[in-house]
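Here is the structure we will look at, set down as structure tokens.
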Amino acid sequence: MSKSLSGSVSAFRKIDVDQYNEDYYKDDEGTEVSSVTGPDEAEVTNLLNQGKNIDALKVVFRSAPLGSKNQTVKNSALSLVMKVLMSFKPSDIDKAVGALDSEMLDTLMKYVYRGFEIPSEGLCFWWTWKYHACTYRS
């Protein structure tokens with residue numbers, strides 16, 4: 001009886017329980033996909049120069065680096081989104097929001113709330129876009 005018990009105890013002891021300890025937890029740093037580079041600034045600038053602001057907005061939102069952990073990529077994407085959003089006349093914002101699908105509206109709201117974190121940028125600007133997005137969704 002003791003032989004079979006000692007055999008199962010030694011099998012049990014082969015599991016390293018310390019790997020599950022919170023103090024030893026390591027975030028997976030190498031799992032980020034390298035293809036998440038954010039929107040192409042040249043393409044967006046080209047669309048803005050042609051007066052295709054809505055198309056530029058869609059390009060920015062389609063290639064938004066939402067899953068990226070690289071803060072530099074996120075910051076450059078935010079500045080490009082701000083450039084695109086500022087290119088709209090206040091009277092054209094409603095038309096632009098109406099051209100977005102629900103996923104792009106969610107992305108717009110994520111950028112709006114990210115913009116609220118930057119006090120140096122005009123809060124009125126972000127509130128205007130939030131108002132139009134919420135009005136369209138309801």
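The table for this structure:
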read-out: Over segment 34-138 - Rg/Rh using Cα atoms and the Kirkwood inverse-distance radius; value: 0.93
read-out: Two-site label geometry, residue 101 and residue 37: point separation in nm, points 7 Å out along Cα→Cβ; value: 2.4
read-out: Anchor residue 110: lysines whose Cα lies under 28 Å away (excluding residues fewer than 8 positions away in-chain); value: 26, 52, 58, 69, 74, 83, 89, 95, 130
read-out: Only Lys, Arg (+1) and Asp, Glu (-1) charged, at Cβ; segment 37-137 dipole about Cα centre in debye; value: 140
read-out: For segment 86-95, Karplus couplings with θ = phi - 60° (6.51, -1.76, 1.60), whole Hz, Gly/Pro x; value: 6, 6, 7, 6, x, 6, 9, 5, 4, 5
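Readers should treat all values here as calculations from the given coordinates under stated rules, not as data from a laboratory. Quick caveat, the model's predicted, so the values are computed rather than measured. Cβ atoms come from the backbone with ideal geometry, glycine included; neighbour counts cover every protein chain shown.
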